[in-house]
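K.L.:
Attaching a single structure in structure tokens format; questions to follow.
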Amino acid sequence: MFRLRHSLFLSALLLSLAAIQSTQAAVEYVVNYNAGSSSGGIRFKNEIGTDYSRQTLTAGADFIWSLFQQNNDADRKNVPKVTLFIDNMAYSANNEIHVDANYLGNYSGGVKREFTGVLYHEMTHIWQWNGNGQAPRGLIVGIADFVRLRAGYAPSHWVQAGQGDPWDQGYDVTARFLDYCNGLMDGFVAELNKKMRNGYNDNYFVELLGKSVGQLWNDYKAKYGESAYFMQCLVYWSM
């Protein structure tokens, strides 16, 4: 009798796990190499490769879903397929990511790490909500760089915390500001992204953090003002 109950319990458990897994729709990741025999294309083949690219697309999506607290398909966009193109242009649209082989060929640092950071940024555009087109573009690209920052792939040439103006300047400037806001409330960027599913309003910052985005920006600048000024002076005197 014990063995029968144990067997029935295991069967029910396996069926439950299978049901949970079936609700997580699989995403197909495809890599198309169109760079020919260019120097950047050769560098991609030698130092990165298509297998690593597919692995990074998968890992990037998992990281983004976790950071955005998108724990099931209902929380995410319906994206059955993501295609990465290695060619001679750079943009993301219609669930396609285009990476410029010329950029890879001319990059002077560790190209594999830079490539990984670029994919995390571009993958964020695939999965993030954009307020139905109402959100400032600087915020959209800032969130993508925030993901890259939190994944540990921020390049050394990015601005330091407290630099830049205004708050929605975009990219590294806005990413640093969002990182500050996320420090005020763990999960802030995830909650902001959720609110941006159907629209956008600057008042989301008030709803989540109790202050306007302008007040938060002033607080952020005040917190890092001295260190940012010091870094700017170092740059000036090194020229």
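The values are calculated or read from the model by the stated rules, or taken from the named source; none is laboratory data. The structure displayed is predicted, hence computed values, not measured ones. Quick reminder, even Gly has a Cβ in these numbers, built from the backbone with ideal geometry, and neighbours come from all protein chains shown.
K.L.:
Working only within segment 159-186, note down all residues that are out of contact with any helix residue (DSSP H, G or I) (no Cβ under 9 Å at 6 or more places or on another chain) and assigned to a loop (DSSP other than H, G, I, E, B).
P.N.:
Just the residues of segment 159-186 that are out of contact with any helix residue (DSSP H, G or I) (no Cβ under 9 Å at 6 or more places or on another chain), to begin with: 183, 186.
Correct list: Asp186 only.
K.L.:
Here's something else I'd like to know. Tell me which residues, restricted to segment 33-44, are more than 26 Å from Gln128 (Cα to Cα) and surrounded by 15 or more Cβ atoms within 10 Å (Cβ to Cβ). Quick ask: steps written out before the conclusion?
P.N.:
Quick first cut of segment 33-44, residues more than 26 Å from Gln128 (Cα to Cα) only: 34-44.
The answer is Ala35, Ser38, Gly40, Gly41, Ile42, Arg43, Phe44.
K.L.:
Residue under question is Ala161, and the condition is that it be among the small types (Gly, Ala, Ser) and farther than 28 Å from Ala35 by Cα; does it hold?
P.N.:
yes
K.L.:
So which residues in segment 132-158 are assigned to a loop (DSSP other than H, G, I, E, B) and within 24 Å of Ala222 (Cα to Cα), if there are any at all? Walk me through it before giving the result.
P.N.:
Applying the first criterion (assigned to a loop (DSSP other than H, G, I, E, B)) to segment 132-158 yields 134-136, 152-158.
Once the filter is applied, which keeps residues that are assigned to a loop (DSSP other than H, G, I, E, B) and within 24 Å of Ala222 (Cα to Cα), segment 132-158 yields Pro136, Ala154, Ser156, His157, Trp158.
K.L.:
When Asn71 is evaluated against the numbered criteria (1) surrounded by 15 or more Cβ atoms within 10 Å (Cβ to Cβ); (2) over 16 Å from Tyr120 (Cα atoms), which criterion, by number, is the only one it fails?
P.N.:
The single condition Asn71 does not satisfy is (1).
K.L.:
Suppose we filter segment 64-75 for residues that are in a loop (DSSP other than H, G, I, E, B) and modelled with pLDDT under 95; how many remain? Walk me through it before giving the result.
P.N.:
Here is the first cut: in segment 64-75, the residues in a loop (DSSP other than H, G, I, E, B) are 68-72.
Remaining after also requiring modelled with pLDDT under 95: 71-72.
Here the count works out to 2.
K.L.:
Out of Leu208, Leu184, which single residue is surrounded by 14 or more Cβ atoms within 10 Å (Cβ to Cβ) and either under 17 Å from Pro136 (Cβ atoms) or touching a Pro at 6+ places or on another chain (Cβ under 8 Å) (or both)? If you could, list the steps in order and put the result at the bottom.
P.N.:
Details: Leu184 fails: either under 17 Å from Pro136 (Cβ atoms) or touching a Pro at 6+ places or on another chain (Cβ under 8 Å) (or both).
Exactly one residue qualifies, and that residue is Leu208.
K.L.:
What's the number of the only condition in (1) hydroxyl-bearing (Ser, Thr, Tyr); (2) within 18 Å of the chain's Cα centre (by Cα); (3) modelled with pLDDT under 95 that Tyr180 fails to meet?
P.N.:
Exception for Tyr180: condition (3).
K.L.:
Go through (1) among the hydroxyl-bearing types (Ser, Thr, Tyr); (2) assigned to a strand (DSSP E or B); (3) modelled with pLDDT of 95 or more and name the single condition Thr116 misses.
P.N.:
Condition not satisfied by Thr116: (2).
K.L.:
Looking only at residues in segment 89-113 that are part of a helix (DSSP H, G or I) and of a type in the set (A, V, I, L, M), which one is surrounded by the most Cβ atoms within 10 Å (Cβ to Cβ)?
P.N.:
Pass one, segment 89-113, residues part of a helix (DSSP H, G or I): 101-106, 111-113.
Filter again for of a type in the set (A, V, I, L, M), leaving 101, 104, 111.
On the way: Ala101: 26, Leu104: 24, Val111: 19.
Looking at residues that are part of a helix (DSSP H, G or I) and of a type in the set (A, V, I, L, M), I get Ala101.
K.L.:
Output yes when any residue across segment 143-156 is closer than 21 Å to Gln215 by Cα and crowded, with 16+ Cβ neighbours inside 10 Å, and no when none is. So that I can check it myself, show each step before the final result.
P.N.:
Going residue by residue through segment 143-156, those that are closer than 21 Å to Gln215 by Cα are 143, 146.
Imposing the further condition that a residue be crowded, with 16+ Cβ neighbours inside 10 Å reduces the set to 143, 146.
Checking segment 143-156: at least one residue is closer than 21 Å to Gln215 by Cα and crowded, with 16+ Cβ neighbours inside 10 Å.
K.L.:
On to the next question. Can you find even one residue in segment 52-59 that is assigned to a loop (DSSP other than H, G, I, E, B), among the charged types (D, E, K, R) and surrounded by 13 or more Cβ atoms within 10 Å (Cβ to Cβ)? Give the steps one after another, and end with the answer.
P.N.:
As a first pass, look at segment 52-59 and keep what is assigned to a loop (DSSP other than H, G, I, E, B): none.
No, every residue in segment 52-59 fails to be assigned to a loop (DSSP other than H, G, I, E, B), among the charged types (D, E, K, R) and surrounded by 13 or more Cβ atoms within 10 Å (Cβ to Cβ).
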